[in-house]
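Notes follow the structure.
Read the figures in this text as sums done on the coordinates, not as results from a lab. Treat the numbers as computed from the prediction; the structure is a model and nothing was measured. Ideal geometry is used to build each Cβ from the backbone, glycine not excepted, and the neighbour counts take in all protein chains shown.
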Amino acid sequence: MSEEHGPRYRPSSPAAWRRWAFAAVPVAGLLELGAHAVQTHSVARREDWEAARAYVEAHAAPDDLVAFAPRWVDPIGREMFGPSIATLQREGRPDETRFPRALEVGLGAAHLTELADWQRGEEHRFGRVRVTTWQNPTPAHVLDDLVSLVDPAHLRVSRVDGGRETDCTASHAAVQSGGLGYGPAIPGERFSCPAGGFVGVSVLADLDYRPRRCIYAPAPGGGSVLRLRFMNVQMGRTLKGHHAIYVEAERDRRGAPVSITFKAGTSLLGSVVHHDGDGWKAFELDTSDLAGQRADVVAEITAPSGDRRQYCFEADTR
Amino acid sequence: MKLPSLRLPERIGWRDHVLGASMALVYVNWLLVTVRDVGVPRDEGVYFRAATDYVGWWRMLLERGHDALQQSAIDGGWSVNHEHPVLMKTLFGVSWYLLHVKWHVFADASTAFRLPAMCTAGAAIWTTYVFGARIWTRRAGFVAAALFGLMPRVFFHAHLACFDVPITFMWLLCVYVHWRAQERRGLGGTLAWAIAMGVVYGLALETKHNAWFFPAVVVPHGFFVHRRAILRGLRVGRVTLPASLVAMAIIGPIVFYALWPYIWNDTFARLQWWFDFHLHHEYYNIEFLGRNYFGPPSPKSYLPVMVLATVPTVTLLLFFVGAFDRAKVGARRLRAWALEKLDRPAGDATASDPLETDLLLALALGIAIAPFFLSKTPIFGGTKHWMPAYPFLALFAGRGFDLVGAAMMRALPDLTGRSKLAAEGALVASVLVAPLAVSAHACPFGLASYVPLVGGTAGGAGLGLNRQFWGYTTLNAAIEYMNPSAPRGATVFISDTTWEAWGRMQEEHRVRGDLRAVGAPHEAQIALVQHELHMNEVDYSIWTAFGTDAPVYVVQHDGVPIVSIYRRP
């Protein structure tokens, strides 16, 4: 009895800790089991997603961003929210600057890093699914989005080979696509050039494998120029855009650079070059001299070689 | 009432083999029960075809021996998949022919193909038990064998007619036979174990090229064990070599050559091609921490992170306990040796082990993982390429368990009889139950599954770790959506799944027979994306081809997308 109160048996003594240190192993085993049980039983249910969807459907404005976090849950988000909310425009967005507000549908504590500088608003929980509203402190006002102008009424496409310009005609054909390594699908609604090549809206996997809805306009290579004339575009202070090459054609960094030159009428707005490895690269051209006017915007795409130059760009006036 | 004594004799013997075989039998049965939900991966489809060809040649040899030995017949029978040697594929083929075609034991051809690899998983458990029982204790052997079998990735790969689990077994068996061959015996016993070593090494070479590295385990170990005899011999001008190493060098290549008819002709050119194929292997991509690696340099953190993320934490904890203990023993021996050299008293020198078992286990584990710290080693196989290290990790864990058990008994000295038995049973359960739960839950999505330490499957996805490869989850897309819901005769873009794998699953009525596989989204009414980072490009192609980005169904594991299924609107 007296020994139990002596210094040898004080629970906090090093000897006592050593004596019971073995218990760390079975405790670790049981903790692992407990964590497994918690993790496998804390999955968002279909009802949670449906309730979140009903909320977002009622509250999202057409120009709001609706996005899913973490990024890996995106396929489930698209399945549950459907194409009317998880639109191609939202999923394949060039960036977040044009959206005044975002409804972020997330699991756990996950948030999109792109929204980190936005002002966090109200949050609603639907079981394990959470909808957080974010306000963009500096939303951009887009005047015209060139991607939405890819149709025969607003765009003319031609290819210039050796000084000779040939029209690429608007057509409605079957989509062409393939498996891994094929590149972005070639859309059914496209401008087809007699000498080869096409222009149409597709979704490109960029260097980070993110979806980018953009104008798929493979560079013809050599001395040839692919010319896109967007008609009667509402001009603002800048022409802002991004460009990239399909990931599989870009990641080895062996391809030729692709240049895109923008003109408004006859005046040069600027030229930007995409080198392999640049990924989804932003550019911005000053158009303040033309602000408030309407003009034809011409984009000319060239590359020293056309080998796997599966080029895609997007731009808007703001 | 007095319970009958279950005490086993101290000597490890046939009863232990019965126990090891029983564990193996339970494991193989578990694999057989769960195998139908595991789809056919890309590689397996090729191995099935090779296995069928190989067994066809063997039948030809039995029926028309002279014709079969012509080079044209040999090359015709053995050319498919000649980048890998043939032991397992031959066994897959024999199993298929006997257990599916001839005797109809298995209704699914794939189960018959897969059985030999499953048996090697069972045999690895058996060998781990016996090895652990001989080195440490029966309890350590049992826990080691169980912890090995309850690694979720081992459990997944053990279902497949591939070579990763078989070479894990062969690596372990080689180490075990080499270890037994170092024991002092009479001439007959020494010779028998040496010959066994040669044969087993030949079979290992015939299983997979991991065996190339095996001499790096046994040569330094064998020389160290016999260092005194070797030095004594050298002093009198005689070269003395361990018999097992000599047998390995002579019999191993003979067995290897004899079992692979493809290299009977143009031997050196074909061997050179085989070496070159693996020394300059293509780099397939794999996602690691959110980045896709397509080539060197491979990240040096890949192996440690993947081991932490896929081996149950309690197993690793026990491994560290056991490995630390053996390292301490080794350090004490080293210190005693150094003091002896300095003519100073060695103090509490630890008795030496004539078989140098710790060194052998450390080499067997270390050599199996060492290539994955080289920046040029491809990492596309995930964890499967270093699985030969896992039985040794488990053996150290078994030692760790022994130490924990002994510490428990010291802390609870009053436990006797049934209460002691119950406490020991509870301790065993406490370290096995989590690995069992995680492994059972991982099936059939073993490659997507990660341990609770990193947050489970969702944690792995959040860390940007690979979720699958080989497109084998198409089966789960069929079970959950296509079989009940696809229109009759629908065309299906099968994406990462091969035609052979799709055809096999249809033949076995696991995928509806009326569905027609196509090679491009625009040709399909239904399109699949087996989620891997680089498969995103296929996902986006489907968006354009179908005009929608919304799948109609997503196969999930713990809320993580595994396969997206699109249906043309």
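Quick notes on this one:
- A convex hull fitted around the alpha carbon atoms of chain A yields 210 Å³ per residue.
- Computed about its Cα centre, the charge dipole of segment B:312-459 is approximately 200 debye, with only Lys, Arg, Asp and Glu carrying charge at their Cβ.
- Across chain B, C-alpha contacts under 8 Å between residues 6 or more apart give a mean separation that, scaled by the residue count, equals a relative contact order of 17 percent.
- For the peptides B:265-272, A:154-161, B:173-180, B:74-81, residues were scored by their other Cβ atoms within 10 Å and the scores averaged per peptide; the highest-first order is B:173-180, A:154-161, B:74-81, B:265-272.
- Annotation for segment B:417-479 versus segment B:56-103: alpha-carbon center distance of 37 Å.
- Counts of other chain beta carbons within 10 angstrom of each beta carbon in peptide A:79-90 average 4.
- Fully extended contour minus Cα-Cα distance, from B:S352 to B:L187, at 0.36 nm per residue: 57.0 nm
- Bridge type composition, chain B - antiparallel percent by DSSP, nearest 5: 70
- Note on B:N29 and B:D75: the model spin-label points, each 7 Å out from Cα along the C-beta direction, lie 4.9 nm apart.
- Counted residue by residue at 0.36 nm each, then reduced by the alpha carbon distance between them, the extension gain from B:F223 to B:R238 reaches 3.9 nm.
- Inter-chain neighbour count for B:462-475: the average number of beta-carbon atoms from partner chains within 10 Å of each residue's beta-carbon is 1.
- Computed 3J(HN,Hα) for segment B:95-112, one whole-Hz value per residue from the Karplus formula 6.51 cos²θ - 1.76 cosθ + 1.60 where θ = phi - 60°, is 4, 4, 5, 7, 8, 10, 6, 8, 9, 6, 5, 10, 5, 8, 4, 5, 5, 5, glycine and proline marked x.
- When both segment B:197-213 and segment B:111-148 are represented by their alpha-carbon centers, they are found 19 Å apart.
- Note that segment A:191-203 has calculated 3J(HN,Hα) couplings of 9, 10, 9, x, 7, x, x, 7, 9, x, 8, 9, 10 Hz, one per residue in order, obtained from phi through the Karplus relation 6.51 cos²θ - 1.76 cosθ + 1.60 (θ = phi - 60°); glycine and proline are x.
- The alpha carbon gyration tensor of segment B:127-229 gives principal lengths a ≥ b ≥ c with a/c of 1.5 or higher and a/b no greater than b/c, which makes the shape oblate.
- Sorted ascending by nearby beta carbons within 10 Å, beginning with the fewest, B:W543, B:W470 become B:W470, B:W543.
- Positive-end extreme of charge dipole, segment A:153-233 - chosen from A:T169, A:P184, A:Y209 (charges on Cβ): A:T169
- Where the Cα pairs of segment B:437-569 fall when distances are cut into 10 Å bins, in %: 13, 44, 32, 11, 0
- Relative to the longest principal axis of the Cα atoms of chain B, helix B:390-411 runs at roughly 60 degrees.
- Chain B: angle of helix B:536-546 to the longest principal axis, Cα-based, in degrees nearest 10: 10
- Here the protein assembly as shown is treated with +1 on each Lys and Arg Cβ and -1 on each Asp and Glu Cβ, and its dipole about the Cα centre works out to around 3600 debye.
- Ranked for footprinting exposure by Cβ neighbours inside 10 Å, fewest first, B:M118, A:M231, B:M60, B:M170 give A:M231, B:M60, B:M118, B:M170.
- Hz values of 3J(HN,Hα) by residue in segment B:454-470 - Karplus curve (6.51, -1.76, 1.60), Gly and Pro given as x: 9, x, x, 4, 5, x, x, 5, x, 7, x, 9, 4, 9, 4, 8, 6
- Scoring A:118-126, B:241-249 by mean Cβ neighbours within 10 Å over their residues and listing the highest first yields B:241-249, A:118-126.
- Note on chain B: Cα-only Rg and Dmax are 25.6, 87 Å.
- With the charge dipole of the protein assembly as shown set up from +1 on Lys and Arg Cβ and -1 on Asp and Glu Cβ about the Cα centre, the Cα lying farthest toward the positive end among the listed residues B:V225, B:Y54, A:G223 is that of B:V225.
- Between segment B:309-375 and segment A:286-307, the Cα center-to-center distance that results, in Å: 68
- For segment A:207-318, the Stokes-Einstein estimate of translational diffusion at 10 °C and a viscosity of 1.306 mPa s comes to 112 µm²/s, using the Kirkwood hydrodynamic radius over alpha-carbon pairs.
- 0 to 90° range, to nearest 10: angle between helix A:46-59 axis and chain A longest Cα axis: 50
- Cα gyration tensor shape for segment B:373-482, rounded if a/c is under 1.5, else prolate or oblate: prolate
- Long-range amide H partners of A:E189 with built H, under 5 Å: A:A173
- Cβ charges +1 (Lys, Arg) and -1 (Asp, Glu), total dipole of chain A, debye: 520
- Peptide B:451-458, shielding by other chains (average Cβ, 10 Å cutoff): 5
- As a proxy for reagent exposure, B:F320, B:F131, B:F288, A:F68 were ordered by neighbouring Cβ count within 10 angstrom, fewest first; the result is B:F320, B:F288, A:F68, B:F131.
- Dipole orientation for chain A: of the candidates A:V43, A:A23, A:Y55, A:A23 has the Cα lying most toward the positive pole (charges on Cβ; Lys, Arg +1; Asp, Glu -1).
- Taking a ≥ b ≥ c as the square roots of the eigenvalues of the Cα gyration tensor, segment B:188-328 is oblate, since a/c reaches 1.5 or more and a/b is not larger than b/c.
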